[in-house]
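The values are calculated or read from the model by the stated rules, or taken from the named source; none is laboratory data. Note that the structure is predicted; figures quoted are calculated from it, not measured. So basically every Cβ, Gly included, is an ideal-geometry build from the backbone, and we count neighbours across all protein chains shown. Areas reflect the complete protein model, heavy atoms only, side chains present, ligands, DNA and RNA absent. Shrake-Rupley method; radii C 1.70, N 1.55, O 1.52, S 1.80 Å.
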Amino acid sequence: MSNIPIKPDNLVQFLGLSRDDLRLLDQHWGLFAQGAETLARDFYHYLFSHPATAATFRDYSEAQIEALIQRQAEHGYGLLHNRLDASWQMAMQQLGAKHHYLGIDPAWLAGAYTIYWRHWQPVLEKFVPAQDRSQLGRILISLLMGDLMCQLSGYARASRETDSERSAVFDVLLDTLASTRMENNTENSSLLQVLCERLPRKSRYITLAGYFLCSHQGHDVLTLEASAGMRLAKPTLSFASEDPCWVALKQNQIVVQLTDDPSAPQWIQQLRPRVKELVFLPFASGDLQGVGFIGARAEGYFQRIGSDYFEAFAHLGEIVLQLRNRMLRDPLTKVPNRLLFMDRLEIARRQASREESLLGVVLLDLDGFKPVNDRFGHGAGDRLLVSITQRIRQCLRSGDTLGRLGGDEFGLLFPALSSLDDLDMVCARILEAVRKPLEMDGERVNVSASLGVTIYPLDDVSVETLLAHADLALYAAKNQGGDQLSLYSLTLDEAAQNAAKMRRTLEKGLQNHTLVLYYQPIINSFGGVSGVESLIRILDPEQGLLGPAAFWAGLDHHRYARDLGIFVMDAAFRQGQTWQQQGLSLRVSINISAHHLLDARFLSDLEAALAKYPGLAPEQIEIEITESAPLHDLSQAQERLNACNRLGVRIALDDFGTGNASLTYLQQLPAQSVKLDQSFVRDMINDPKDLAIVAAVITASRMLGLDVIAEGVETEAHAKLLAKMGCSHLQGYLFAKPMPGEDIPLWVQRFKGLGLGLPSHSSIDILPTLLEGHAQRTESFLQALCEQNTIPLHVLDEDAEDKCHLGRWLKGDGSLRFGDLPEFLPILQRHEKIHQLARQAKHFLDNGEKAKAMSLGSLLELENGKMIGELRELVYDEGELQAENHACGCDER
Ligand code: C2E
Ligand code: MG
Ligand code: MG
């Protein structure tokens, strides 16, 4: 029944009002209309005096109430005058709807209609002729009833509409929420957009829905993320304190705005006439903030539907921001990831150019992170990253940004710097914070940071280039040893461009097959040619012969290192085999870059090349690993080089002394040669520090039984001094410059006749020190046998005779000095026997046969005494011989 609309004629009929009735009303209506205003005042007085109805008008001002009374008076007048005609009924239905919108309960209102009757009844009795009284009374009551019916009908219809509107909005919200699948982040991040698209489609009143986001707290631009139903003229909204959108955001409360409010911002007024009322709904998560907006075609819409329905919009917005936060943040450290960092960089750059302030852009990379990760495992590596992140954050101001860009690389933004000193200070704090030791599984671990810095707008380039410049500076900081900052400068850029050019040169060489190998002889300290080092050249059709200086940056580049290495192995081994076939047996050294060595395919590359040239024995090949290119993965390198040794291939540590890990490399890498860098050799005559380094490296190498090759020997004075210090091999322009392979045989032939006259052994005698060490070890071994103490290291190993102090000397320096003498062999045999006895004695001791162990111990002591005696005799004889030679001047032939 409630759905049947009231039609004007129907209503009059329904109330039983005839034409006669209406005519009678026409005759008398003026009597009742006179008191319309008094009636209206009484009407409101009545409403105010009852709590149930008074509450509705609590917030009305006096002026508003007066206006209501006037309208009520007009109502009373109109009701009598219009006789429930069509326009009256329509107006009453609208009034009913309005009551609904205003939340005025129709039941109480209907009750208040008794006031009409209270006014009209005395008029009826006093002024209407008796014969008309009862008919007119019935007519008046019908009028009141009809009036109420229209209002109630309007009220009910509005209420139905509200309900269906609410359920439409509710359905949209529910559908959207139901499609939330927590595990699917990408889909969920568009939830709010879906909601915005559905609202104007499903609702009869909503004509516009969308939302703005601003990605950085404290930031002053809102960006339109989605809008549906209508197109918004403005994709971004700069901060304006009066803009209701910003008011909602800043005060974190829902704001309703009418579009015809003259004080509303232009962009809102432009939404008329399709939008009459707008609501702004703020939401936030982390430092992301957003404002949703919904536009309705009717005023009062949001009050009518209720804010609860739209708060769900904000709630959904929050979910979306949470997801977005998750997508934009590094899950481990919770700081912005690369995506968000780039966004912030973009914003900070714009802000800096608007405000003419300085923006510091910094890339941070940890030094020494990988070894920690390798040693303690990824879990520990993660913990380290988290605690380093916390430390860095503590150094930052509130507007600064820290992001993790990947692995152990971080990005930092320092907006609004007042001076470069500010940046310098904060960077120093960060370096210090990272440098502090950390505990990992009960051990102290040290890492440090390298910082690459650039400053906008001093460096006035795009965000991508800013990062590229910071990266260049970072690279420079790393190259200078890490634990420091480097500021981007044009020189760095030039260096980068130069490097790119060098890489192109090498790439072209590889592509056009213009690479060639030159060879430089290596001389042993007796004046013989022991081998050659292959050195790469490019035979450029235009520029002629190019040395590595022209393509240096490409040599250890991941893109070319392996191709180059394969070329070098092939060309050098082929050349070595050819010489061998010509009767010239030379050791061939090749330079291999760190990148190729650490490439998983390195060993198979080497094996393939060895197999291809069987005429060259693996023992004739030496791989030079340069120290200046850091080996990022030392244990991997160690493993690879051990495998090379197992194949028979020798290892040399090239450019020794130039890197910052010389001693670590010497200790950890299985090398047979050390190549003293030419920078020390060049100045050793004039610079005592260089001489000390040269002497130290030579001595250490000799004690370890390694060959020492001095590079860059240019004068005879250098050669002599080096040989005197016991340097076993020399290489340099003094003997020959690098030359094509086919020139080598002739050169070797000629060189033989040169006669260098180098002293045959060093004036720095390391033997006494070694013998002292040996004596102490023997003694502590014997003691260990008696008292079952710990046995000194390397005494019992399978190959102990090669690895112990004396063993290394016997194989290296010793055999160089005395290898040709018949007395030397028994010494070697005795040394071996001593180790055998030691192993046997330990075996008996372990089996509880102490007496047998002790007797072997005595035997060992005896053998040792004999060996030392023989060794001393050999050295003494040599000394005598030298003295004689010296006396007759033969030493300096
Ligand atoms: P390096 O391995 O230390 O090679 C020795 C360098 O010193 C060579 O420079 C050689 O020509 C130069 N040299 C030799 N004797 C003297 C001397 O008495 N005085 C002076 N001033 N210099 C001397 P080069 O050929 O320019 O090579 C430079 C570097 O390029 C090499 O240093 C090596 O690190 C790298 N390199 C050369 N060939 C290859 C290669 O085939 N592969 C790789 N990965 N790197 C290579
Ligand atoms: Mg070399
Ligand atoms: Mg070198």
Unit charges on C-beta of K, R, D, E only; dipole of the chain, Debye: 3280 debye
Surface per residue (accessible, 1.4 Å probe) for the chain, Å²: 49 Å²
Isotropic mean projected area of the C-alpha convex hull, the stretch 182-327 (nm²): 8.1 nm²
Extension reserve of the D374-S164 stretch, reckoned as 0.36 nm per residue once the Cα distance is removed: 69.2 nm
Tilt relative to the chain, helix 378-394 - C-alpha long axis, 0 to 90 degrees, to 10: 60 degrees
Accessible area of the chain belonging to carbon and sulfur atoms, whole % at 1.4 Å probe: 52 percent
Computed lengthening from E832 to L647, 0.36 nm per intervening residue step minus Cα-Cα distance: 64.1 nm
Accessible-area ranking of D243, D424, largest first, probe 1.4 Å: D424, D243
Cβ-based net charge around M703, under 11 Å, with every Lys or Arg adding one and every Asp or Glu removing one: +1
Per-peptide average of other Cβ atoms within 10 Å, ordering 204-210, 343-349, 430-436 highest first: 204-210, 343-349, 430-436
Calculated FRET value between K508 and S679, using beta carbons and R₀ = 35 Å, to 0.05: 0.70
By average C-beta atoms within 10 angstrom, highest first, the peptides 609-615, 677-683: 677-683, 609-615
Cα extents of the stretch 1-99 along the three principal axes, largest first (Å): 43, 37, 21
Taking N as its residue count, the alpha carbon Rg of the stretch 678-818 over 2.2 N^0.38 Å: 1.34
Interchain or long-range residues, amide H under 5 Å from I522's placed H: S530, G531, V532, E533
Packing-based order for 665-676, 579-590, 263-274, using average beta carbon neighbours within 10 Å, highest first: 665-676, 579-590, 263-274
Calculated SAXS-style log₁₀ I(q)/I(0) at q = 0.05, 0.06, 0.07, 0.08 Å⁻¹ - the chain, Debye, Cα scatterers: -0.56, -0.67, -0.79, -0.93
Coil-residue trypsin sites (Lys or Arg not before Pro) of the stretch 829-870, DSSP, other Cβ within 10 Å capped at 12: none
Karplus-derived HN-Hα couplings along the stretch 349-363 (A = 6.51, B = -1.76, C = 1.60, θ = phi - 60°), whole Hz, x at Gly and Pro: 5, 5, 4, 5, 6, 5, 8, 6, 10, 9, 10, x, 10, 10, 10
The stretch 10-159, Rg to Rh (Cα coordinates; Rh as Kirkwood inverse mean 1/r): 0.97
Spin-label model distance (nm) - D382 vs Q497, 7 Å beyond Cα toward Cβ: 4.5 nm
Interchain or long-range residues, amide H under 5 Å from M230's placed H: A209
Rounded to 10°, Cα long-axis angle of helix 307-328 versus longest principal axis of the chain: 10 degrees
Out-of-range pairs (alpha-carbon distance over 24 Å; input K436/K478; K370/K508; K811/K852): K370/K508; K811/K852
C-alpha long axis of helix 86-102 to longest principal axis of the chain, angle in °: 40 degrees
Charge sum, other residues only, whose C-beta stays under 14 Å from L359's C-beta, Lys/Arg counted +1 and Asp/Glu -1: -2
Surrounding net charge for D797, when Lys and Arg each add one and Asp and Glu each subtract one, Cβ distance under 12 Å: -1
Set of lysines near K98 by C-alpha distance (under 29 Å), chain-local residues within fewer than 8 positions excluded: K7, K202, K276
Residue-averaged [θ]222 nm for the chain, counting only DSSP H segments that reach four residues, each worth -39500 (n - 2.57): -18000 deg cm²/dmol
Value of Rg to Rh for the stretch 767-887 (Rh from inverse mean 1/r over Cα pairs, i.e. Kirkwood): 1.04
Efficiency of FRET between D175 and L102 - r from beta-carbon atoms, R0 35 angstrom, step 0.05: 0.65
Whole-number D in µm² s⁻¹ for the stretch 213-270, Kirkwood Cα-pair radius fed into Stokes-Einstein, 10 °C, 1.306 mPa s: 129 µm²/s
Cut-off 12 Å, label 7 Å out along Cα→Cβ of R138, residues of the stretch 88-127 by amide N: none
Protein-only accessible surface order, largest first, of I254, I698, I791 at 1.4 Å: I254, I791, I698
S780-R118 pseudo-label distance in nm [points 7 Å out on the Cα-to-Cβ vector]: 11.7 nm
Euclidean distance between Cα centres, the stretch 121-177 to the stretch 814-873, Å: 123 Å
